[in-house]
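The values are calculated or read from the model by the stated rules, or taken from the named source; none is laboratory data. All of these numbers come straight from a predicted model, not from anything done at the bench. Reconstructed Cβ throughout: ideal geometry from the backbone, glycine too, with neighbour counts over all protein chains shown.
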Amino acid sequence: MQTTELAIRAARETALAHGITPDRCDILQNGSTLVLRLTDTLVARVVQDRDGPRQGTEWFERENAIALHLTKNGAPVIPLHSGLPPGPHEHLGYPINFWEFVTRIDAEPDPREIGLTLKKCHEVMKTFPQPLPRLAIISESLAILNDRSLFEAATQEMLRKHLQTSLEVLAAYPQQPLHGDAHAGNLMNTTRGLLWTDWEDTFAGPVEWDVASIIWNALILDEDHATVSAIREAYGPVDEIALQQCLVARAAVITAWYPILYPNPNADRQEKLRRRIEWLAAR
């Protein structure tokens, strides 16, 4: 049985085991994570990557805990599905969690709403009672570069130095729970409003990390300064030195993960990777 077929089976059988009968199987995303709509209201996320650096359910456990806290406290997020235990579940070797289906609307998010919703999430996450690993995605990316040869030697060493410096600099700033991967792809404009999703990378760090993550493409790749200004004005003041370091760290993290997430990148992704490396080399 092909990997995707087995992952679908794992999600369907887990739903059935908890009394929910799937009446459809719409594939919403098919990559290292498979996203399936199984009923009118039920969406399953299934980790398909059996060889990647993240194995087991530890990441989903943190994601579920932060998502439950955010939902309970009225933050603008896609909720876990209430018809099943939060899990995370694991079946046939696949980690799985289940979410409510939300209807996307065909309209670009208002940049001010992006800033306001991120600020709201940060305010709610301040009261999250569970400890989270500090600067985890930066440490994890550095470990990946130490374990795997993903780039030519000079680029690999440059990325390691940026990540190591970022760990040292950002450790001095106030730390709180963060989204961890707050880019536009993890933000959905829906009939319920603008909602954040995909909390798998949540960790403790300075809020400037999430701000840097949401503005990076607009600021560096698109040079869309109006959007950046609107997001930042709505979010409110941040530490400028921390923000600049987070912009560098974010670029280094995304670059380190590129060969893992996109082993066969198309021309557009190759160009974005080239521009990130050039930008980092100039820092």
Return the pairs, sorted by first residue and then second, in which the second residue is of a type in the set (Asp, Glu) and surrounded by 13 or more Cβ atoms within 10 Å (Cβ to Cβ), the first residue lies in the range 1-29 and is more than 11 Å from GLN48 (Cα to Cα), the beta carbons are less than 9 Å apart, and the residues are 6+ apart or on different chains. THR14/GLU90
Within the range 36-52, is even one residue hydroxyl-bearing (Ser, Thr, Tyr) and part of a helix (DSSP H, G or I)? no
Can you find a residue in the range 214-223 that is assigned to a loop (DSSP other than H, G, I, E, B) and among the hydrophobic types (A, V, I, L, M, F, W, C)? no
If we keep just the residues of the range 196-213 that are of a type in the set (A, V, I, L, M) and not in a loop (DSSP other than H, G, I, E, B), which is surrounded by the most Cβ atoms within 10 Å (Cβ to Cβ)? VAL211
Test: LEU167 is in contact (Cβ under 8 Å) with a residue 40 or more places away in the chain and either surrounded by 16 or more Cβ atoms within 10 Å (Cβ to Cβ) or at negative phi (or both): no
Name the single residue that is surrounded by the most Cβ atoms within 10 Å (Cβ to Cβ) among those in the range 180-195 being part of a strand (DSSP E or B) and not hydrophobic (A, V, I, L, M, F, W, C). ASN189
Selection count where residues are of a type in the set (Ser, Thr, Tyr) and surrounded by fewer than 11 Cβ atoms within 10 Å (Cβ to Cβ), scope the range 1-39: 1
If you check VAL47 against the conditions, is it aliphatic (A, V, I, L, M), crowded, with 20+ Cβ neighbours inside 10 Å, touching a strand residue (DSSP E or B) at 6+ places or on another chain (Cβ under 6 Å) and modelled with pLDDT under 95? yes
Answer from ALA282, ALA218, ALA204, ALA212 - the residue that is out of contact with any helix residue (DSSP H, G or I) (no Cβ under 7 Å at 6 or more places or on another chain), hydrophobic (A, V, I, L, M, F, W, C) and without any contact (Cβ under 8 Å) to a residue 40 or more places away in the chain: ALA282
Checked against (1) out of contact with any Cys (no Cβ under 8 Å at 6 or more places or on another chain); (2) under 23 Å from TRP279 (Cα atoms), GLU208 satisfies every condition except (1)
Look through ALA182, ALA136, ALA153 and report the one residue that is at pLDDT 95 or above, assigned by TED's automatic domain parsing to the domain that holds THR255, more than 19 Å from the chain's Cα centre (by Cα) and among the small types (Gly, Ala, Ser). ALA153
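Yes or no, residue by residue, for (1) hydrophobic (A, V, I, L, M, F, W, C); (2) outside any loop (DSSP other than H, G, I, E, B); (3) under 20 Å from the mean Cα position of the chain (by Cα):
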{"position": "ALA15", "(1), (2), (3)": "yes, yes, no"}
{"position": "ILE20", "(1), (2), (3)": "yes, no, no"}
{"position": "PHE128", "(1), (2), (3)": "yes, no, yes"}
{"position": "LEU132", "(1), (2), (3)": "yes, no, yes"}
Can you confirm whether the range 108-115 contains a residue that is closer than 24 Å to TRP216 by Cα and either at pLDDT below 95 or within 16 Å of the chain's Cα centre (by Cα) (or both)? yes
Residue check for GLN55: in a strand (DSSP E or B) and at pLDDT below 95: no
Which of the residues belonging to the range 240-265 are surrounded by fewer than 15 Cβ atoms within 10 Å (Cβ to Cβ) and either among the small types (Gly, Ala, Ser) or modelled with pLDDT of 95 or more (or both)? GLU240, ILE241, GLN244
